[in-house]
Amino acid sequence: MRKKILYFVLGFLCFLISQPLLRLPLLHKLQQTTGFALAFMMNPLLIQVLIALSAGVFEETFRFLFKLFFLKPDKCAISQPILFGLGHGISEVCVFLLPVVAMLSISQLSIALIERILAVTFHVTVTIAVWNGFQRNKKVLFLLLAILLHGMVDALIPIISSVTTSVFAFYGAFLAVDIIMVIYAFHSRKYYLKEAIQ
């Protein structure tokens, strides 16, 4: 049980370090530069997609580093990435949703909760994708795939926004991604140790 709590806590810390402590301050400084302002004016969609990709770079790289240095050995039970992903996702909820809960109406809160459930589900499944690289001895390949996948999912926001503002379009796209990722995660169980062996 202590190990499982540790997995969750490490996931929680992983998000805090990769986003509020590193990526977001760096992004804020970059956005204050003249070069960024000009680039955004010339091609806002491209810049938004690159910003989305940066989220994948930071979050997945830190997921990878936490596994590499703090969660040894490489081979583990699938509960490890699930709990780490839950910690990561719930940390994001605490940072972005909890501070504004009091300002949301019931309908807005319902929409926000659905979005967070979809996001946490993605965090769990993409953690499994990163961990699969350790289970299959293809660490860098799976890290790169996770970065690309995370970046593409986040890029759906500006891409869909350029076409429609429909909430159903956004959530439908994220739900489709989650369903595919959950199926992938389910089939990934074969790469992991049984709980009794760990």
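Coordinate-derived values only; no laboratory data. This one's a predicted model, so the numbers in the text were calculated from it and none came from an experiment. For neighbour counting, all protein chains shown are included, and Cβ atoms are generated from backbone atoms with ideal geometry for every residue, glycine included.
Just to confirm the number: angle between the C-alpha axis of helix 2-16 and the first principal axis of the chain, 0 to 90 degrees, nearest 10?
Computed tilt is about 20 degrees.
Can you tell me the 0 to 90 degree angle between the C-alpha axis of helix 79-96 and the longest principal axis of the chain, rounded to 10?
Once rounded, the angle reads 30 degrees.
List the residues, sorted by chain then number, that are 5 or more residues from Leu193 or on another chain and whose placed amide H is less than 5 Å from its amide H.
Cys76, Ala77, Ile78
GNM on the chain, C-alpha springs below 10 Å: top fluctuator among Ala129, Ala37, Ala52?
Between Ala129, Ala37, Ala52, it is Ala37 that shows the largest mean-square fluctuation.
So which trypsin sites (Lys or Arg not before Pro) in segment 94-198 are both in a DSSP loop and have at most 14 other Cβ atoms within 10 Å of their Cβ? Don't skip to the answer; put the middle values down first.
Working: sites: Arg116, Arg136, Lys138, Lys139, Arg189, Lys190, Lys194; in loops: Arg136, Lys138, Lys194.
Answer in residue order: Arg136, Lys138, Lys194.
Dipole magnitude of the chain about its Cα centre, charges +1 at Lys/Arg Cβ and -1 at Asp/Glu Cβ only, in debye to the nearest 20?
With Lys and Arg at +1 and Asp and Glu at -1, about 860 debye.
Checking the cross-link filter: which lysines have an alpha carbon closer than 22 Å to that of Lys72, excluding same-chain neighbours under 8 positions apart?
Candidates past the 8-residue exclusion: Lys3, Lys4, Lys138, Lys139, Lys190, Lys194.
Name the residue from Leu149, Leu83, His28 whose Cα lies farthest towards the positive end of the charge dipole of the chain, charges +1 on Cβ of Lys and Arg and -1 on Cβ of Asp and Glu.
Leu83
I'm spelling it out carefully: the read-out is volume of the Cα convex hull per residue in Å³, the candidates are (1) 104; (2) 127; (3) 135, and one was derived from this structure. Which label?
(3)
Return one number: the angle in degrees, 0 to 90 and rounded to the nearest 10, between the long axis of the Cα atoms of helix 167-187 and the longest principal axis of the Cα atoms of the chain.
The answer is roughly 20 degrees.
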